[in-house]
Amino acid sequence: MPRTASAPAPDPLVAAALARARSGRVPRPPAALPRAAAAPRGPGITPPPPLDRLLRLALAASPDDLRGRLRPAPSAGALHPVTAHLLAGPGGALPPGRHRYDPLHHRLHPTGPSPADAPPGTLAVLTLDPVPTTAHYGHRGWPLLLLDAGHTAAALALAGAAALCLDADGDLLARAAGLTTTRRHHPVAVLRLTPEGPADALERWAADTDPPTRSPHPTGRLLHALTRAPGAAPTWQATPAPRHPDALLLHRRSAPPGFPRPPSAAELGAVLRTAAEHGPAAVSWCAATGGPRPGLRRLGPDGRGPVLLATGEARPTLAAWAARQDWIAGSGAVLLAHGCPGDAPPAAIRAAHLGAGYAMGHAQLAAAALGLRSRPVGSWQRADLGAALGGPADRDWVLHGLALGRAEDDPPGPPALPTATPRDPS
């Protein structure tokens, strides 16, 4: 179909990076994994209620994990490249100003004052450090960064954040957060943590700062191209009211491989509906199942199902597409987010990957509430699902996956949850 004059055009830099990430080219193994960006110095302050609960349930590292790898939101390689920068306006529990959250110690560190016209309420600008992830995954790393940011946004929304924006201009976000450089902190999304806050909150936070110097890192330049939206008004969407117990939010974990028992049709339908309800319109959802009638299944037009999309055993092919992770072929089912054609403009690529991560975060918690084990799968190569199903090539790619099921000895039904206890602030 010819592109209309008003349709956004693909960016050559972004299109080439997307093609490389989806190709079968294998990254070089890193000589050494670079360190993450340094945490702010000083003792910091304990987040006040209700931010204490929200940050603890969404972002804080497990207190007994000195490396900080175990956190409520999953991350590719447990590298956790996302940092939350809190912008606190007047009249709240947090002192007004800009603060960086340290998830290893559950502390907030002041990084700058608030502008004279700071709005009420508290925002959280999410930034990405591209260095460790791309050192580990090479050219496949940058889509994983966006998926990680989506999962982090979902964790904050599920813990009670009031609203979400995934399309704000990157420079606007950087200026609002008071960043002087995006070398190790490239902003990609923002949430409103508190109910109050005007529609122009970002613009008011950004009014007293200059654009940051840009990252020289190749992935930093790519992230800047993906998040450029100068002059466009940010789009805010309300998040759903929290409905899961704190214990489930706090103790959810990506399961190690080994859950071959499939979910029931009702359970799979519930997880599919959750993903579709929270994902962007341009991303579609289906699930690969085994058993006596293996195939790909999706929700029906009325939202019921799952109904059959294609017959045949797809899980071994998915395992090959997912960087040859053979364990995927033996999982109970595999939920798939797919879409994003190869010639999509940068804004659509950003929206698809952030949105897929965000929706998959909701889907993973829905699976956990049903007692299902699950593990996100973010790296996909040559995964042209549309072409594999007989459609045109380069139009419908696997973006994200979630393997789910039960171990042989798992009981059916919802999990038995421990009592959630407050984190020791000392």
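Each peptide in 153-161, 208-216 was scored by the mean count of other Cβ atoms within 10 Å over its residues; highest first, the order is 153-161, 208-216. In degrees from 0 to 90, rounded to the nearest 10, what is the angle of the helix 346-369 Cα long axis to the longest principal axis of the chain? Helix 346-369 sits at roughly 70 degrees to that axis. Remark: relative contact order (the chain) = 17 percent; criterion is Cα-Cα distance under 8 angstrom and separation of 6 or more residues. Computing Rg and the Kirkwood Rh from the Cα coordinates of the range 323-376 gives a ratio, Rg/Rh, of 1.05. Diffusion of the range 119-271 by Stokes-Einstein, at 25 °C in a medium of 0.890 mPa s and with Rh set to the Kirkwood radius over alpha-carbon pairs, works out to 143 µm²/s. By how many degrees, 0 to 90 and rounded to 10, does the Cα axis of helix 12-22 deviate from the longest principal axis of the chain? That works out to roughly 50 degrees. Listed from fewest to most Cβ neighbours within 10 Å, the set His400, His251, His85, His278 follows the order His251, His278, His85, His400.
Per residue, the convex hull spanned by the alpha carbons of the chain comes to 145 Å³.
At full extension, Glu277 and Ala265 could sit 2.5 nm farther apart than now, given 0.36 nm per residue minus the alpha carbon distance. The calculated pair-distance distribution of the range 254-405 uses every alpha carbon pair, bins of 5 angstrom beginning at 0, and gives 2, 11, 21, 25, 23, 13, 5, 1, 0 percent. Relative to a virtual label point 7 Å from the Cα of Ala238 in the Cα→beta-carbon direction, which members of the range 139-178 show backbone nitrogen distances below 19 Å? Within reach of a label on Ala238: 154, 156-166. Only helices enter the 222 nm calculation for the chain: every DSSP H run of n ≥ 4 contributes -39,500 (n - 2.57), and dividing by all residues gives -8500 deg cm²/dmol, rounded to 500.
Cβ neighbours within 10 Å, averaged per peptide: list 118-126, 383-391 in order, most packed at the top.
Peptide ranking by packing, descending: 118-126, 383-391.
Per-peptide packing, taken as the mean over residues of other Cβ atoms within 10 Å, places 96-109, 264-277 in the sequence 96-109, 264-277 from highest down. For the range 75-152, the relative contact order is 35 percent, taking Cα pairs closer than 8 Å that sit 6 or more residues apart in sequence and dividing their mean separation by the residue count. When both the range 127-175 and the range 62-88 are represented by their alpha-carbon centers, they are found 12 Å apart.
Quick note: the coordinates plus some simple rules give every number you see, no bench work behind them. Given the structure is predicted, the values throughout are model-derived calculations rather than measurements. Cβ sites come from the backbone with ideal geometry, for glycine too, and all protein chains shown count toward neighbours.
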